[in-house]
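The values are calculated or read from the model by the stated rules, or taken from the named source; none is laboratory data. Since the model is a prediction, treat every value here as computed from it, not as a measurement. Every residue, glycine as well, gets a Cβ built from its backbone with ideal geometry; the counts of neighbours run over all protein chains shown. These accessible areas exclude ligands, DNA and RNA; they are computed on the full protein's heavy atoms, side chains included. Shrake-Rupley method; radii C 1.70, N 1.55, O 1.52, S 1.80 Å.
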Amino acid sequence: MAECPDIAGCEEGGQRLVLQALSSGPQGTLAALRAMQRVPGPFPWKSMTDRLCMEVPTLGPNGDLIMKPSLLLLPKQSQRNLFSFLNVAAHLVPSSCLRSLAEAVLLNENSSDEWLQYLSRCLLRDTEMQISTSSPQVAEKMQFLCKGLCQNRDRYSKLGWFKQNFTSSRHKRKVHCIEDSFLDGDDRPHNKKVCTEELCVTLSNPYISQDEQKVVTEEPEMERQELPEYVKARIPKLKEILHGDLDTESSNDSIQADLKDLCESCSPEQLQSIFSQLSISQISPQSLLKLCCILHSITPDLSYAHSSALARSLFLEQALSLTAPAPRPILAALSMFCMKYAQAACCILIGPLVLQADTGSVHTDFLGRMVSECLPLEHLPQCFGPVLKMPFCEGSVNVLHMLLEKQVTISRSDFELLLLSMCNAAEMFSKSVMFSKLLLNIMNRNQSMILPSHIGLLANAVNANQTFMKKSLEVVLKKLREAT
């Protein structure tokens, strides 16, 4: 498709140079960044944004005349490169321009590129955070919070738990608090002391799907909530039953009624606190299996938040502390739990286990048996998201290879992330035979999902390969080039 007149007119201030760089192929993002650095003076983002967001008439898929933003008339690879570039260089672009460009994609019903929409949502999420944190109300609130955080005279940060559990979040901002500004009446001799803490902010956004919000906020630190007295009174009895004999019918009926009442009346945070006080990770595998059978019989089904709290309490510590292959009752208990709450089990267990799953380890064995024995077939596609969220490692390769060997259907968005993750990790795994098999598997079995824009990424991954499988990879890559 020919360039629209408005795009073709982007000559001032190096705009044309940047747009040409964006259309240079898979490396367009880096090329655009270098091109922008060569533009003398401030880059005219406002002018360029106005041109890209200007709606122009064009023919729709049915031959009718529709209005589209100019940026959607660029080649698909150029559109993706533009938004990848904006995500990388967001600190160089005015937030109003970022918002306008993201909304031009998200609010246009004729935009069907899922990867472009995902990049736009990420961009808009970052923009929301910048706008929110710059408002006077938020600034005042942060000053108040910093005052409370810096009042610890033992010099231990009150954000210790916060940092530990949120350092993997996408959004980080540094808050510099000067004690003599926030601490009234501090008589210590050092008047000026800078307290720097990394605050990770997760903001709700109407353009982000609930699943993506869930991924961003997964595994939050469960805030301690005071348990009601009637709940505290039940804990000793429950603990005695769970660590004792669950075989009797009266025990089963009693604990089922208690658990049902607790799940209905307590928040997920309170529920996790209860299970922590019950020392649930120390009960025998047989008792864990019986407990999961009781939980399975509770109706109606628990919410995602409650089932996630249960998955974390019942299985996460047990799985991470394994030093030998998991006993059969633990896997049977997990199978029973996954019959109703497979999504919670995937999101809570797979990510942490992947990071521990070195080749040949007991965690690799547990993950393999979880995928092959515990999860219902229809829920296996949910395994891709938690794996791809983690830094690419040996555990990722093992699980992904297992899923693709079982011919589990992968969504387009997960496939894009999979290709991007693998190509970025190709250098690190250049001598890994398992990684090479996974790459070959992807190129052989998912040819219908491979686009022309992917060929450059795959070529880089194949060129980095140093195993005996490189010839086979090159043959398949050549066929893909010819087919696309």
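Has the range 77-95 got any residue that is under 24 Å from residue 456 (Cβ atoms) and basic (Lys, Arg)?
Yes, that holds for at least one residue.
Condition first: under 26 Å from residue 114 (Cα atoms), assigned to a helix (DSSP H, G or I) and out of contact with any Gly (no Cβ under 7 Å at 6 or more places or on another chain). Can you find one or more residues in the range 325-343 that meet it?
The answer is yes, given that some residue of the range 325-343 is under 26 Å from residue 114 (Cα atoms), assigned to a helix (DSSP H, G or I) and out of contact with any Gly (no Cβ under 7 Å at 6 or more places or on another chain).
Does residue 384 count as open to solvent by less than 10 Å² (accessible area, probe 1.4 Å), farther than 23 Å from residue 289 by Cβ and touching a helix residue (DSSP H, G or I) at 6+ places or on another chain (Cβ under 6 Å)?
It is true that residue 384 is open to solvent by less than 10 Å² (accessible area, probe 1.4 Å), farther than 23 Å from residue 289 by Cβ and touching a helix residue (DSSP H, G or I) at 6+ places or on another chain (Cβ under 6 Å).
Among the residues in the range 463-470, are any within 22 Å of residue 81 (Cβ to Cβ), open to solvent by less than 30 Å² (accessible area, probe 1.4 Å) and in contact with an Asp or Glu (Cβ under 6 Å, 6 or more places away or on another chain)? Give the derivation first.
In the first step, residues of the range 463-470 are kept if they are within 22 Å of residue 81 (Cβ to Cβ); the result is 463-464.
Subset that is open to solvent by less than 30 Å² (accessible area, probe 1.4 Å): 464.
With in contact with an Asp or Glu (Cβ under 6 Å, 6 or more places away or on another chain) added as a condition, the list becomes 464.
Yes, the range 463-470 has at least one match.
Between 380, 473, 420, which is at pLDDT 90 or above and either under 22 Å from the mean Cα position of the chain (by Cα) or in a loop (DSSP other than H, G, I, E, B) (or both)?
380
Please work out if residue 120 is at pLDDT 70 or above, surrounded by fewer than 21 Cβ atoms within 10 Å (Cβ to Cβ) and within 30 Å of residue 17 (Cα to Cα).
No; evaluated as a whole, the condition is false for this residue.
Quick check on this structure: which one of 282, 286, 270 is open to solvent by 40 Å² or more (accessible area, probe 1.4 Å) and under 18 Å from residue 236 (Cα atoms)? Explain how you work it out, then say what you get.
Working: 286 fails: under 18 Å from residue 236 (Cα atoms); 270 fails: open to solvent by 40 Å² or more (accessible area, probe 1.4 Å).
Answer to the selection: 282.
In this structure, is residue 78 surrounded by 18 or more Cβ atoms within 10 Å (Cβ to Cβ), more than 17 Å from residue 43 (Cβ to Cβ) and of a type in the set (Ser, Thr, Tyr)?
So residue 78 fits the description; yes.
Tell me which residues, restricted to the range 97-113, are touching a residue at least 24 places away in the same chain (Cβ under 8 Å) and of a type in the set (Gly, Ala, Ser).
100, 102, 104, 111
Do we have any residue at all in the range 356-366 that's closer than 25 Å to residue 290 by Cβ and in contact with a Phe, Trp or Tyr (Cβ under 8 Å, 6 or more places away or on another chain)?
Among the residues of the range 356-366, not one is closer than 25 Å to residue 290 by Cβ and in contact with a Phe, Trp or Tyr (Cβ under 8 Å, 6 or more places away or on another chain), which makes the answer no.
Would you please list the contacts, defined by Cβ atoms under 6 Å and residues six or more apart or on different chains, that run from a residue in the range 26-40 that is touching a residue at least 40 places away in the same chain (Cβ under 8 Å) to a residue that is hydroxyl-bearing (Ser, Thr, Tyr) and in a helix (DSSP H, G or I)?
Between residues of the range 26-40 that are touching a residue at least 40 places away in the same chain (Cβ under 8 Å) and residues that are hydroxyl-bearing (Ser, Thr, Tyr) and in a helix (DSSP H, G or I), the close pairs are 29/84.
Going by the structure shown, is residue 55 under 36 Å from the mean Cα position of the chain (by Cα), at pLDDT below 75 and open to solvent by 20 Å² or more (accessible area, probe 1.4 Å)?
On the way: under 36 Å from the mean Cα position of the chain (by Cα): yes; at pLDDT below 75: no; open to solvent by 20 Å² or more (accessible area, probe 1.4 Å): yes.
No: the conditions fail for residue 55.
Tally time: how many residues in the range 341-363 are open to solvent by less than 10 Å² (accessible area, probe 1.4 Å) and either under 27 Å from residue 429 (Cα atoms) or of a type in the set (Val, Ile, Thr) (or both)?
8
With (1) assigned to a helix (DSSP H, G or I); (2) free of Cβ contacts under 8 Å to residues at least 40 places away in the same chain as the list, and residue 319 as the residue in question, which single condition is left unmet?
All conditions are met except number (2).
Applying the selection to the range 431-445, what residues are surrounded by fewer than 19 Cβ atoms within 10 Å (Cβ to Cβ) and farther than 17 Å from residue 394 by Cα?
Of everything in the range 431-445, those that are surrounded by fewer than 19 Cβ atoms within 10 Å (Cβ to Cβ) and farther than 17 Å from residue 394 by Cα turn out to be 444, 445.
Under 28 Å from the mean Cα position of the chain (by Cα), polar (S, T, N, Q), surrounded by fewer than 18 Cβ atoms within 10 Å (Cβ to Cβ) and part of a helix (DSSP H, G or I): is that true of residue 448 in this structure?
Yes.
Within the range 302-340, work out how many residues are open to solvent by less than 10 Å² (accessible area, probe 1.4 Å), out of contact with any Pro (no Cβ under 7 Å at 6 or more places or on another chain) and not small (Gly, Ala, Ser).
6
Tell me which of these residue 92 doesn't satisfy, since it passes every other one: (1) of a type outside the set (S, T, N, Q); (2) in contact (Cβ under 8 Å) with a residue 24 or more places away in the chain; (3) crowded, with 17+ Cβ neighbours inside 10 Å.
The failed condition is (3).
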